[in-house]
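The values are calculated or read from the model by the stated rules, or taken from the named source; none is laboratory data. The structure displayed is predicted, hence computed values, not measured ones. All Cβ positions, glycine included, derive from the backbone under ideal geometry; neighbour counts span all protein chains shown. Accessible surface areas use protein heavy atoms only, side chains included; no ligands, DNA or RNA. Shrake-Rupley method; radii C 1.70, N 1.55, O 1.52, S 1.80 Å.
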There are 8 protein chains.
Amino acid sequence: MYTVYLAGEIHSNWREEIIIGCKDYDIKFLRPEYDHASSDDIGKNVVGEQESDFYNDHVSAKINSIRNHTYLKQADIVVVKFGEKYKQWNAAFDAGYANALGKKLIVIHPEEFIHALKEIDAAASAVVKSELQAIEILEHLVRSTI
Amino acid sequence: MYTVYLAGEIHSNWREEIIIGCKDYDIKFLRPEYDHASSDDIGKNVVGEQESDFYNDHVSAKINSIRNHTYLKQADIVVVKFGEKYKQWNAAFDAGYANALGKKLIVIHPEEFIHALKEIDAAASAVVKSELQAIEILEHLVRSTI
Amino acid sequence: MYTVYLAGEIHSNWREEIIIGCKDYDIKFLRPEYDHASSDDIGKNVVGEQESDFYNDHVSAKINSIRNHTYLKQADIVVVKFGEKYKQWNAAFDAGYANALGKKLIVIHPEEFIHALKEIDAAASAVVKSELQAIEILEHLVRSTI
Amino acid sequence: MYTVYLAGEIHSNWREEIIIGCKDYDIKFLRPEYDHASSDDIGKNVVGEQESDFYNDHVSAKINSIRNHTYLKQADIVVVKFGEKYKQWNAAFDAGYANALGKKLIVIHPEEFIHALKEIDAAASAVVKSELQAIEILEHLVRSTI
Amino acid sequence: MYTVYLAGEIHSNWREEIIIGCKDYDIKFLRPEYDHASSDDIGKNVVGEQESDFYNDHVSAKINSIRNHTYLKQADIVVVKFGEKYKQWNAAFDAGYANALGKKLIVIHPEEFIHALKEIDAAASAVVKSELQAIEILEHLVRSTI
Amino acid sequence: MYTVYLAGEIHSNWREEIIIGCKDYDIKFLRPEYDHASSDDIGKNVVGEQESDFYNDHVSAKINSIRNHTYLKQADIVVVKFGEKYKQWNAAFDAGYANALGKKLIVIHPEEFIHALKEIDAAASAVVKSELQAIEILEHLVRSTI
Amino acid sequence: MYTVYLAGEIHSNWREEIIIGCKDYDIKFLRPEYDHASSDDIGKNVVGEQESDFYNDHVSAKINSIRNHTYLKQADIVVVKFGEKYKQWNAAFDAGYANALGKKLIVIHPEEFIHALKEIDAAASAVVKSELQAIEILEHLVRSTI
Amino acid sequence: MYTVYLAGEIHSNWREEIIIGCKDYDIKFLRPEYDHASSDDIGKNVVGEQESDFYNDHVSAKINSIRNHTYLKQADIVVVKFGEKYKQWNAAFDAGYANALGKKLIVIHPEEFIHALKEIDAAASAVVKSELQAIEILEHLVRSTI
């Protein structure tokens, strides 16, 4: 049995496709908070509005890191997707975090990012272009597990 | 004495400013290959042209990772700069790698990236806007070392 | 699922509030021995009265450390509260122990301790003033866990 | 050869006594920033005045943690003194941090703190009342090193 | 309870003998993908035919390493068999990987390989000639487990 | 919940007393092979009579180490008893192994061994004279576990 | 500065070529005992002829492992060559050992072994065909080290 | 270069023979306090006479553990001798401590202890009968170090 963390951006619903595609396999999926507003505002909601955007973001990001880093540590495999929009530095950060812990990385990204993502691809055990391909790899990995 | 790795993008010469600014302190600086062409082409130069851009990049990135990951492990402190250009996913990857190893992070970035970099800033021990501020922090850290 | 250790002082019943507040969430709570007399006297009770206060305390504290340190290692998250009374050096010790192991810290303390607790707050993923706020953070963290 | 970190409070000059007392031994001493004002104000001095006391302290404490945690990791032995004044929660935090990393602890404190410090004393390899006694232990440890 | 990884070559069905021989014991067995064609072709099947044999093998081997290395980490005991055919460098690689992680090794090989396998035998907790002997050892280990 | 390994000599049935005394507590006990003949002869039984007493012992001891070291790693707490007979170097070896892994040690020995066991007692979290006292400590540790 | 271990077979003098080729770089090279007879016979020479070939090899291999494993741990980079002759299982074992410890691998082998070495190549940071190419990579890595 | 800790009993001068025998090799030797009276009395000398033999021994043993455990961690190789006299449980404890840390063990003992020391011998990389044989192994290990 594998524990798989679906890291990175939470603007699109790419995680659902993988979770549904693997629903018959013995895989435990973990993922970040997917309610974008809640993820951004948890700091403000709990400890109140801070004096600057920096600290509002800071408080929320530190609270969310409790979840993200704990799950990264619990995972055997980390899947990270780089989409066409947004900076996605947190996705790259998660990939580095996972790699340093010796977790296996599966990276999903479109062909245009080959050069920009070469360091992350170099650390990955698989580089694919679609969620479907990631599902096929996970399917291969679970097969015949005793 | 500290070992400091200057991670991330190699398009600008921000590292020189820090190294020169700290030249009188007992700090050992490490950095990635800064010859951009050599960094990109080392794979091609050694094992020959591959059949695709992906594999040309892949071979070079893996060779460069020998240096980058070895230095990240040797460092006490990792300084990473996010400039205004380029994707810089490798900079974010290095930051995640460093954080997972328990290294102390100093992040340099302009104010406009506050929201995009909130997860990395949350993992940092210091977030500053300029190389000069990073130098002031390093100066503070070395002072009175016995 | 998270394992949460509720560290620190055992003079007040702050732990119950958190445990009850999170009773519907998939969280495993661990805590120190909360019977104060038993915690203090376990050494005397088992190996007999020692020749000095120091050794009476010493024997009990070492036995209690079996529980406390084992639970700190098993935890993903450590919540530690600094109240208005007592030295609470053991609470600060637990926080340092947790931080060095890479556990995520949530610190609860009244505003007056901001300066005295700055080093511990700097190591924390969240700093709040009340048990209710800690509950809100835990609630945020468990939401939508797959 | 040993590396010894002198942790904890920086209000008094207890470290000098130990360093001078051991000046003929092959011991490398490390210590926190001892300029109290600089330690408190480094955040303000580098990144500017923050909007609240909490954040002023926070920025400084995180910068100082770069030094303190790096040195705690480099040390073989950590000496920590609990004096009669101040909360000294950072001293207890350092002791916990050191203990979790497997460092050997020497604790100095007056007799009146026996009960309050029982958990930290239980984790220590030596508990003494004076700097002189700590020096005698260090002298014993270095003797006849080949 | 033990977790046992049956490492190495997948040309013969030696694993079945051990699994069946231990079917009444509280042992969790893990093993590599045993469908040889699928193991070789998973890369091609998912990301398409690469431009060279090297990269076709490379993509498959990296995907398979997700399974193999994850299972090696999860195991308490690694059994590895060296048969009379094939290079079996991956079996030796698995043995080295397991040894560096502190896993206990049971090595099965015919007598003729004594000299060629001396380094791996030297790292093993048991060296036997047949699957039956490996089963007898596992039977001994589980007996009377409470 | 705790996992407790009952290490050391297998000539007497001291383990049963502890296991029965703790039968109502949520503790998982692990122990070495207690069939002395089987423990000594497993090597001979599986791989055949070796050419010398040294190698007969060697093969058996290595096979038994698979169990002992795996269980020492799985344990939170290690209880080790030093009785009045036999060399019991393996008991002391287990204690050192456990201590280096950061496991908590409870040592049982009669008063006459105070000087001979001072280094092991110094590494222990509790030193007692009887199995009953060890049971009382374990009872204290499990109480009120949530 | 890097520490490089030249692992694997000792029948040919491939190591000299690399050491000489890198003689002007700040690299510390480590290697196994290269006196083949001494490597094979050290057991016999020190503890005497054993009763079987297995034990003669066993004693020598364990003594040599003191050197090989210590050096593998000290290294940043491990270079391993697979030549055309011999089983070379120890080379593959070293590669697995290095990979599990997070060391960077450079693998040298002729093209004919692509399929047999695919698992080891998949774990490597560089795969080359000649010592000269390995030298070029090391040259690239040391360049501009500060 | 190797760091070698000469562990265990301090009643005889077996360490000198090894140190002198290796005086021309690049080996750093570490050893426990060899002044027996000082080793036993350091606790009493520094913190004063305790109320019982147990605590007098306890205070000294904990202080000496600062040296012994720090040196065990710094060592690559641990040599431990079991002589004909004394309980030597501390020697066996050191061997277990070293083994759990992955240090390489060389054990010296007379033939009569084969059965009593089988578990420790099983963990060793070499088992010899004399200091001279240990010297020959160390000589073999340092030869041709680059």
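Points to keep in mind about this one:
- Between A:81, A:103, A:118, the residue with the greatest mean-square fluctuation in the GNM of chain A (Cα pairs under 10 Å linked by springs) is A:118.
- Gap separating the Cα centres of the stretch D:30-53 and the stretch A:32-62, nearest whole Å: 26 Å
- The contact between chain H and chain G removes approximately 1900 Å² from the accessible area (both sides summed; 1.4 Å probe; ligands, DNA and RNA excluded).
- Set the Cα radius of gyration of the protein assembly as shown against 2.2 N^0.38 Å, with N its number of residues, and you get 0.90.
- HN-Hα J in Hz across the stretch G:102-109 - Karplus 6.51, -1.76, 1.60, θ = phi - 60°, x for Gly and Pro: x, 6, 7, 9, 10, 10, 10, 7
- Overall, the accessible surface of chain F at a probe of 1.4 angstrom is composed of carbon and sulfur to the extent of 48 percent.
- Positions from the stretch G:19-57 whose accessible area shrinks by 50 Å² or more when the full protein complex is built, not the chain alone, probe 1.4 Å: G:46, G:51, G:54, G:55, G:57
- Taking every DSSP helix (H) stretch of at least 4 residues in chain G, weighting each as -39,500 (n - 2.57) and dividing the sum by the residue count yields a mean residue ellipticity at 222 nm of -15500 deg cm²/dmol.
- Other protein chain C-beta atoms within 10 Å of residue C-beta, averaged over G:108-121: 5.
- Area accessible to solvent at residue G:31, 1.4 Å probe radius, in Å²: 30 Å²
- Note on the protein assembly as shown: with charges restricted to the Cβ of Lys and Arg (+1) and Asp and Glu (-1), its dipole about the Cα centre is near 0 debye.
- Proximal charge balance of residue C:104 [Cβ under 11 Å; K/R count +1, D/E count -1]: +3
- The magnitude of the dipole of chain B, with charges of +1 and -1 set on the Cβ of Lys/Arg and Asp/Glu and taken from the Cα centre, is near 520 debye.
- Size of charge dipole - the stretch H:86-146 - debye, nearest 20, with Cβ of Lys, Arg +1 and Asp, Glu -1, no other charges: 200 debye
- Centre separation in Å (Cα based) which lies between the stretch A:81-136 and the stretch D:115-146: 50 Å
- Positive contributions from Lys and Arg (+1) and negative ones from Asp and Glu (-1), summed over other residues with Cβ under 11 Å from the Cβ of residue B:7, come out at +1.
- Unsatisfied cross-links (Cα-Cα over 29 Å) in the set C:103/E:73; B:28/E:73; G:81/H:103; B:85/G:118; D:129/H:103: B:28/E:73; B:85/G:118; D:129/H:103
- Among the GluC sites (Glu not before Pro) within the stretch D:72-146, those in coil by DSSP and having at most 15 neighbouring Cβ atoms inside 10 Å are D:84.
- Accessible surface, chain E, averaged per residue in Å² (probe 1.4 Å): 35 Å²
- Residue by residue along A:69-75, Cβ atoms of other protein chains within 10 Å of the local Cβ number 5 on average.
- Shielding of B:4-14 by partner chains, average beta-carbon count, 10 Å: 0
- In the calculated pair-distance distribution of chain A, the portion above 20 angstrom amounts to 49 percent of the Cα-Cα pairs.
- What the Cβ-Cβ distance of residue D:3 and residue H:44 gives, at R0 = 25 Å and to the nearest 0.05, is a FRET efficiency of 0.35.
- At most 13 other Cβ within 10 Å, DSSP loop - chymotrypsin sites (Phe, Trp or Tyr not before Pro), the stretch B:1-52: none
- Listed residue (D:65, D:42, D:52) projecting farthest to the positive dipole end of the stretch D:1-70, Cβ model: D:65
- Estimated FRET transfer efficiency when R0 is 41 angstrom, pair residue A:12-residue G:111 (beta carbons, to 0.05): 0.45
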